[in-house]
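Participant: My structure is below; once you've seen it, I'll send some questions.
The values are calculated or read from the model by the stated rules, or taken from the named source; none is laboratory data. Predicted, not measured: the structure shown is a model, and the values here were computed from it. Every residue, glycine among them, receives a Cβ derived from its backbone with ideal geometry; neighbour counts consider all protein chains shown. We work out accessible area using only protein heavy atoms, side chains counted, and drop any ligands, DNA or RNA first. Shrake-Rupley method; radii C 1.70, N 1.55, O 1.52, S 1.80 Å.
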Amino acid sequence: MQDDDGSYYDITAFVYIGGRAFTLDEIWSGVDAAERAGVSLGEIGHVLTHNWTAAVTALALGNVGVLRALVDEASP
């Protein structure tokens, strides 16, 4: 099934957090950087569920240190 809304997949689309706007490309680049640094997709998903705003911001800014701290915070 094809999604007719191509903007959903457009890497130039924006995610707005507070007064900032991040492109999907920035966020996906952060996911790639986090994976290269040893953060698993499962951990990223868990952090996104735990604190979406902070996790997306950390990913978009490529701040793996903050992302790791969020992983630790979200762990039981």
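The rows are residues; the columns are (1) at pLDDT below 95; (2) not basic (Lys, Arg); (3) not in a strand (DSSP E or B).
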| position | (1), (2), (3) |
| --- | --- |
| Met1 | yes, yes, yes |
| Ala21 | yes, yes, no |
| Trp28 | yes, yes, yes |
| Ala34 | no, yes, yes |
| Leu67 | no, yes, yes |
| Pro76 | yes, yes, yes |
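Participant: Being aliphatic (A, V, I, L, M) and under 18 Å from Ile17 (Cα atoms) narrows it down to one of Val66, Val39, so name that one.
Facilitator: Val66
Participant: Give the residue that is nearest to the chain's Cα centre (by Cα), with candidates limited to residues of segment 26-63 that are surrounded by fewer than 14 Cβ atoms within 10 Å (Cβ to Cβ) and among the hydrophobic types (A, V, I, L, M, F, W, C).
Facilitator: By that ranking, first place goes to Trp28.
Participant: With the requirement that a residue be under 13 Å from Trp28 (Cα atoms) and among the hydroxyl-bearing types (Ser, Thr, Tyr), what does segment 38-76 give you?
Facilitator: Selection gives Thr57 alone.
Participant: Would you confirm, using the coordinates I've provided, whether Val66 is aliphatic (A, V, I, L, M) and either more than 11 Å from the chain's Cα centre (by Cα) or open to solvent by 50 Å² or more (accessible area, probe 1.4 Å) (or both)?
Facilitator: Yes; evaluated as a whole, the condition is true for this residue.
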